[in-house]
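The values are calculated or read from the model by the stated rules, or taken from the named source; none is laboratory data. Every value quoted in this text rests on a predicted model; they were computed, and no experiment measured them. For neighbour counting, all protein chains shown are included, and Cβ atoms are generated from backbone atoms with ideal geometry for every residue, glycine included.
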Amino acid sequence: MTDCGIDWNALQDEVTRHLQALIRFETVNPPGNETPFAEYLAGVLRREGIAAEVVESAPGRGNLVARLRGRGHGRPLLLMAHSDVVSVERDKWTRDPFGGELVDGRVWGRGAVDTKGLVACELGVMLTIQRLGLPLERDLIFAVFADEEAGGQYGACWMWEHRRDLIDAEFAINEGGGMALTLGGQRFYLCQTGEKGAARLRLTARGQPGHASMPIPDTAMQHAARAILTLSTHTFPTVLTPTVTRFLHEIGRALGGSVRQQIESALADPTWERLAALPLGPGERRLLYAMTRNTAVPTIVRGGHRINVIPSEVVVEVDGRILPGQEPEAFAAEVQRLVGPHVEVELTTRGRGLEADPDSPLFRTISETMAELDPGARVVPYLIPGGTDAKCLPGITVYGFMPMRDHPEEFELAHAHDERISVSTLGFATRALFEIVTRFCAPRSRSR
């Protein structure tokens with residue numbers, strides 16, 4: 001590990017204070033209003049002598065970019081996260097979702113996990129490298145994007161199209177991975193190297209209207225209900241992507257014995273029944289299910305305008321997620337076949353999944369660093385069922401990694417009521433990211 005006289009406890013406290021401040025910026029998207037958040041970060045960085053710029057894609061939609069210059073012996077490394085958050089149901093929260101309260105060793109608030117916590121950790125890495133004056137072999141870029149939760153059109157996608165010069169890099173460390181998974185007494189850290197694409201759908205069911213006191217057959221509501229039930233109970237075919245195949249292979253090699261034999265048998269004939277029989281907990285099994293198939297989950301229903309009128313049209317919004325290598329149009333056609341002719345299926349987004357090659361110097365650096373920080377632990381690639389800003393940066397190899405050693409369950413609090421993150425997670429993640437970055441960008445400084 002790097003011996004630079006760093007007071008890790010003091011850095012942990014500083015990162016925690018920044019996270020509390022960041023949560024207090026209410027950046028629910030829409031409308032986002034990320035510029036004040038970005039200006040706060042720019043102020044912190046500039047006071048430490050780090051050049052920082054706030055780039056607005058539209059009024060109020062600020063993106064933060066800062067850079068530490070290196071010797072130019074390689075293309076930059078990008079530390080990235082996003083500033084916007086999803087909405088909250090305040091009455092369902094135990095504490096103020098935008099209060100940033102520190103209670104019993106945890107910081108509470110929307111974005112604590114997704115991804116203001118990562119922003120604070122990456123900020124801590126930037127500040128520490130600057131204070132130590134570590135010479136970098138390549139540039140280190142810190143970018144906090146707006147609009148990730150709504151697709152990135154005002155954030156990472158806009159920056160890639162209009163200001164690529166500010167963020168272009170060889171590799172990036174992003175959200176989406178780092179949770180610790182313990183199987184057979186072995187700890188694995190999941191590093192996101194792939195993600196599913198958002199192929200969202202709008203289902204429109206139509207039928208004859210009428211007075212609700214006189215029931216009639218084949219109404220729009222009935223067609224919509226059948227479609228919802230069909231999609232909610234359907235299991236799409238099992239498909240193993242290269243990322244998931246490697247994920248399972250590496251777990252099998254690490255555990256050995258009968259578990260390895262069971263995994264290899266499941267890989268040879270990958271039915272869900274075989275995969276579901278692997279020795280996994282409920283959470284891991286749910287994750288594996290989503291990693292090995294397309295999914296179509298109804299989430300919003302709109303229809304009717306009066307209690308006593310049978311509506312002629314009911315609309316169902318469906319969150320469709322497709323695996324890398326799958327086409328949105330083919331997925332929509334499959335859903336159309338499932339729901340039948342009385343429901344029209346329309347694609348509203350055409351996202352495609354992606355996979356990054358884990359055979360790289362950065363992935364090896366992540367693995368070696370975690371083996372030292374957490375002896376015996378292994379880093380394995382995996383595919384996140386959701387999506388991130390990685391989709392907006394096709395010229396960069398993006399890995400998702402914010403290690404959660406002590407409280408991996410916190411990963412599940414993203415978008416949930418009472419979202420919160422432990423101070424110990426912030427401290428461990430900041431140190432891990434600092435070690436990874438300095439190994440990768442400043443290898444000579446490690447001998448100082």
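Exactly one residue out of Ala10, Ala21 is touching a Phe, Trp or Tyr at 6+ places or on another chain (Cβ under 7 Å) and either closer than 14 Å to Ala146 by Cβ or not in a loop (DSSP other than H, G, I, E, B) (or both), and it is Ala21. Screening Ala42 against (1) under 18 Å from Phe145 (Cβ atoms); (2) out of contact with any helix residue (DSSP H, G or I) (no Cβ under 9 Å at 6 or more places or on another chain); (3) part of a loop (DSSP other than H, G, I, E, B) leaves a single unmet condition, (3). Would region 395-405 turn up any residue that is among the basic types (Lys, Arg) and either within 27 Å of Gly100 (Cβ to Cβ) or not assigned by TED's automatic domain parsing to the domain that holds Leu132 (or both)? Yes, because at least one residue in region 395-405 is among the basic types (Lys, Arg) and either within 27 Å of Gly100 (Cβ to Cβ) or not assigned by TED's automatic domain parsing to the domain that holds Leu132 (or both).
When Arg302, Arg274 are checked against the criterion of being crowded, with 16+ Cβ neighbours inside 10 Å and of a type in the set (Lys, Arg), a single residue qualifies: Arg274. For region 427-438, the criterion of being crowded, with 17+ Cβ neighbours inside 10 Å, among the aromatic types (Phe, Trp, Tyr) and touching a Ser or Thr at 6+ places or on another chain (Cβ under 7 Å) is satisfied by at least one residue.
Taking (1) surrounded by 15 or more Cβ atoms within 10 Å (Cβ to Cβ); (2) within 27 Å of Thr388 (Cβ to Cβ) in turn, Val259 satisfies each apart from (2).
Can you pull out every residue in region 328-344 that is more than 15 Å from Thr295 (Cα to Cα) and either assigned to a strand (DSSP E or B) or not small (Gly, Ala, Ser) (or both)?
Of the residues in region 328-344, the ones more than 15 Å from Thr295 (Cα to Cα) are 340-344.
Correct list: Pro341, His342, Val343, Glu344.
For Asp218, the criteria (1) crowded, with 16+ Cβ neighbours inside 10 Å; (2) at pLDDT below 95; (3) over 30 Å from Ala254 (Cβ atoms) hold in every case but one, which is (1). Residues in region 392-424 that are crowded, with 19+ Cβ neighbours inside 10 Å, more than 11 Å from the chain's Cα centre (by Cα) and part of a helix (DSSP H, G or I): Cys392, Pro408, Glu410. Regarding Leu373, is this residue hydrophobic (A, V, I, L, M, F, W, C) and surrounded by 19 or more Cβ atoms within 10 Å (Cβ to Cβ)? No: the conditions fail for Leu373.
Residue-by-condition table, conditions (1) surrounded by fewer than 24 Cβ atoms within 10 Å (Cβ to Cβ); (2) farther than 24 Å from Pro59 by Cα; (3) outside the structural domain of Ala51 (by TED's automatic domain parsing):
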position	(1), (2), (3)
Gly124	no, yes, no
Leu132	yes, yes, no
Leu136	no, yes, no
Cys157	yes, no, no
Glu170	yes, yes, no
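For region 226-235, the condition of being assigned by TED's automatic domain parsing to the domain that holds Glu327 and at positive phi holds for none of the residues. Considering region 1-33, and only residues there that are under 21 Å from the mean Cα position of the chain (by Cα) and among the aliphatic types (A, V, I, L, M), the residue that is surrounded by the most Cβ atoms within 10 Å (Cβ to Cβ) turns out to be Ile23.
The set of residues in region 248-301 that are more than 25 Å from the chain's Cα centre (by Cα), of a type in the set (Asp, Glu) and under 29 Å from Thr230 (Cβ atoms) comprises Asp269, Glu273. Is there a residue being of a type in the set (Val, Ile, Thr), part of a strand (DSSP E or B) and in contact (Cβ under 8 Å) with a residue 60 or more places away in the chain anywhere in region 425-443? There is no residue in region 425-443 that is of a type in the set (Val, Ile, Thr), part of a strand (DSSP E or B) and in contact (Cβ under 8 Å) with a residue 60 or more places away in the chain. Residues in region 63-117 that are of a type in the set (A, V, I, L, M) and either assigned to a loop (DSSP other than H, G, I, E, B) or farther than 15 Å from Val437 by Cβ (or both): Leu64, Val65, Val85, Val86, Val88, Leu102, Val103, Val107, Ala112, Val113.
Which of the residues belonging to region 118-147 are among the charged types (D, E, K, R) and either part of a helix (DSSP H, G or I) or closer than 12 Å to Leu79 by Cα (or both)?
Applying the first criterion (among the charged types (D, E, K, R)) to region 118-147 yields 122, 131, 137-139, 147.
Answer for region 118-147, where residues must be among the charged types (D, E, K, R) and either part of a helix (DSSP H, G or I) or closer than 12 Å to Leu79 by Cα (or both): Glu122, Arg131, Asp139.
Take region 324-341 and flag every residue that is of a type outside the set (Val, Ile, Thr), touching a helix residue (DSSP H, G or I) at 6+ places or on another chain (Cβ under 8 Å) and buried (at least 16 other Cβ atoms within 10 Å of the Cβ). Listed by number, the list holds a single entry, Pro324.
Taking Pro381, is it within 16 Å of the chain's Cα centre (by Cα), buried (at least 19 other Cβ atoms within 10 Å of the Cβ), at pLDDT 95 or above and closer than 21 Å to Ile251 by Cβ? Outline the logic, then answer.
Details: within 16 Å of the chain's Cα centre (by Cα): yes; buried (at least 19 other Cβ atoms within 10 Å of the Cβ): yes; at pLDDT 95 or above: yes; closer than 21 Å to Ile251 by Cβ: yes.
Yes.
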